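Worksheet: the structure to be examined is printed underneath.
The values are calculated or read from the model by the stated rules, or taken from the named source; none is laboratory data. Just so you know, these numbers come straight off a predicted model, no measurement behind them. No Cβ is skipped: glycine too gets one built from the backbone with ideal geometry, and neighbour counts run over all protein chains shown. Ligands, DNA and RNA are excluded from the accessible area calculation, which covers all protein heavy atoms including side chains. Shrake-Rupley method; radii C 1.70, N 1.55, O 1.52, S 1.80 Å.
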Amino acid sequence: QLLAIPAAAPTPRPGGKVTILATGANSDVNLTGAKVQADCGTIDIRNNGDAGHVNIAVVVGAAAVPSTLSADVIKAGAFGPNGQLNIGTTNMSADTLIRLYATSSNGSLNFLANTTLSSPNIALAAGTVSIANNVIVTIASSNPANVYTTNPNYSTTNGGNNGAASAGRFSGPGGLNGVNAPQPLASAPLFDSAP
């Protein structure tokens, strides 16, 4: 567990913050079976390595243990030229915004197992945004998520380019079953900008 929980006083309470930063060229951030919580604050996970990975609830060769992230703001990014942000069985809940980014032209945001994203403002930005076959990304919000990508590798029912019956998909209210039609990668809001 990584917890940033403010004391009961003063009111209003200052927000907590959990920051995870990797900078090595081939470094990985691995969060599996983790509870990460920043009450009234921010979870900020970044990998700036050239081929760095951020793996949340991703396990190779064994059953993944779900991870839970909750905060006012949740941001996770893999910013190297070949960065990958990989999301396994995860529940993310943010009062203000969720941003999941791998914004180089070769960067990829990969949903590898069923995931739930809950926030009024969700932005997914990467050179390629993929949802693995038979995987559902649930948008548990009254607002659809915004996707910024050159290659939307998920179901055509969500505006993606994968027409297979088994294609991974978004599910939820509004937009194309929880997500708006893909927009150009260059249109994505800055990772650190306000919503």
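Structural remarks
- Residue within the stretch 121-130 that is open to solvent by 10 Å² or more (accessible area, probe 1.4 Å) and within 24 Å of ASN161 (Cβ to Cβ) present: yes
Residue-by-condition table, conditions (1) among the aliphatic types (A, V, I, L, M); (2) under 25 Å from LYS35 (Cβ atoms):
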residue: THR103; (1), (2): no, no
residue: ILE122; (1), (2): yes, yes
residue: SER141; (1), (2): no, yes
residue: ASN153; (1), (2): no, no
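- Of the residues making up the stretch 87-112, those that are open to solvent by less than 10 Å² (accessible area, probe 1.4 Å) and not in a strand (DSSP E or B) number 2.
- Test for SER141: is it farther than 30 Å from ASP50 by Cβ and not in a strand (DSSP E or B): yes
- Selection status of VAL147, touching a strand residue (DSSP E or B) at 6+ places or on another chain (Cβ under 6 Å), hydrophobic (A, V, I, L, M, F, W, C) and either outside any strand (DSSP E or B) or under 18 Å from GLY174 (Cα atoms) (or both): yes
- Within the stretch 132-154, the set of residues being farther than 25 Å from ASP192 by Cα and either of a type in the set (Val, Ile, Thr) or open to solvent by less than 10 Å² (accessible area, probe 1.4 Å) (or both) comprises VAL135, ILE136, TYR154.
Here's the yes/no breakdown for (1) closer than 20 Å to ASN114 by Cα; (2) within 14 Å of the chain's Cα centre (by Cα); (3) of a type in the set (Val, Ile, Thr); (4) at pLDDT below 90:
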{"site": "LEU21", "(1), (2), (3), (4)": "no, no, no, no"}
{"site": "ALA38", "(1), (2), (3), (4)": "no, no, no, no"}
{"site": "ILE56", "(1), (2), (3), (4)": "yes, yes, yes, no"}
{"site": "VAL59", "(1), (2), (3), (4)": "yes, no, yes, yes"}
{"site": "VAL65", "(1), (2), (3), (4)": "yes, no, yes, yes"}
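- Verdict on LYS75 being at pLDDT 90 or above, within 21 Å of THR128 (Cα to Cα) and not β-branched (Val, Ile, Thr): yes
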